[in-house]
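Structure record follows, encoded as structure tokens.
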Amino acid sequence: MNNRWYKKLLLLLTVGCMTVSMTGCSADSVLDKLLSVTDPKPDKKTEATKEDSSDKKDSAGEKEVEVAKPEFTTNLSGAVTYAVNAKASALTVEATTTDDGSITYQWYKSQTDTNGGGTLIDGATEASYTPPTDTEGTLYYYVVATSTIGSSTNGATSDTAEVIVSADGTIPSESEDQAGASKVLGKWVQNNDGWWYDNGDGTYPRNAWKQIDGKWYAFDEKGYMRVGWFKDGDSWYYLLDSGEMAKDTDIEGYHIGSNGKME
């Protein structure tokens, strides 16, 4: 309300008191009447509605709770070979939890024998997954089990299963000539920034694992050989000074399993 209307209202109330002196009108009552107009009391119904809305908003938020990590009672392992377009058996896992968590699954595939950094398989969200056999090659499969309570989660990753698809259903192998050529073509190269591996055809592994002469090596995004601790997905690995992945040993108080993962 602007000052002009404020003065008019005050004048009208004052004149009213002077005219009707029997009502006991005073300056205080004038002020009270003025405040009742300029500063009306809040609507109780509106206040109650606001309080109800606030309560609902608070109750809608869910507190984080501690969720037990799932454990695989049925895990993946080993290797299997199929002929192209042959019917494959389902890969199956089972995970349990010690609390009231609800467990869900998500399958991944990878070109290396590691259970991290793989490609998510759309729609593969059950405890079993049947790998396709329409293309020749070798893939490794693993699954992440996630336990959920409300909005809180905890997950665990399975071991890997190797699936080989070949023309005749046998494990492909190199001839002695091919194996010798591979060893000649592929070679280690060192520069001021570190070691990298020349595949022999102008390419080199980057941001990937590569098995060389039966040993696993990890390469960073620039293609240089990694050394020391390396986290891939949810798992930690240790690369020796030679670059070789450590396994079946203890390093800095941590045990490294046969698959190279810190346990």
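For the reader, a short list of remarks on this structure follows.
- Count Lys and Arg as plus one, Asp and Glu as minus one, and take only other residues whose Cβ is under 9 Å from that of Asp220; the net charge is then +2.
- For the listed residue pairs Lys69/Lys222; Lys109/Lys215; Lys87/Lys222; Lys87/Lys247, the alpha carbons are over 32 angstrom apart in Lys69/Lys222; Lys87/Lys222; Lys87/Lys247.
- Solvent-accessible surface (1.4 Å probe) assigned to Asp193 amounts to roughly 120 Å².
- In terms of its alpha-carbon gyration tensor, the range 199-245 comes out prolate; a/c meets the 1.5 threshold, and the first ratio a/b outweighs b/c.
- Charge context of Phe72, other residues only, Cβ under 9 angstrom, K/R +1, D/E -1: -3
- In this rough spin-label picture, where each label sits 7 Å from Cα along the Cβ direction, the Thr119-Asn199 distance is 1.5 nm.
- Within the range 137-156, backbone nitrogen closer than 19 Å to the virtual label 7 Å beyond the Cα of Val65 toward Cβ: 146-156
- One decimal place: the segment Asp248-Lys87 gains 54.4 nm when fully extended, by the rule 0.36 nm per residue minus the C-alpha distance.
- Efficiency of FRET between Ser128 and Asn192 - r from beta-carbon atoms, R0 41 angstrom, step 0.05: 0.25
- Listed residues Trp216, Trp236, Trp209 arranged by accessible area, highest first, probe 1.4 Å: Trp236, Trp216, Trp209
- Spin-label model, Asp100 to Leu240: label points 7 Å out along the Cα-to-beta-carbon direction sit 5.1 nm apart.
The values are calculated or read from the model by the stated rules, or taken from the named source; none is laboratory data. What you are looking at is a predicted structure, and each value in this text was computed from that prediction instead of being measured. Cβ sites come from the backbone with ideal geometry, for glycine too, and all protein chains shown count toward neighbours. Only protein heavy atoms, including side chains, enter the accessible area calculation; ligands, DNA and RNA are left aside. Shrake-Rupley method; radii C 1.70, N 1.55, O 1.52, S 1.80 Å.
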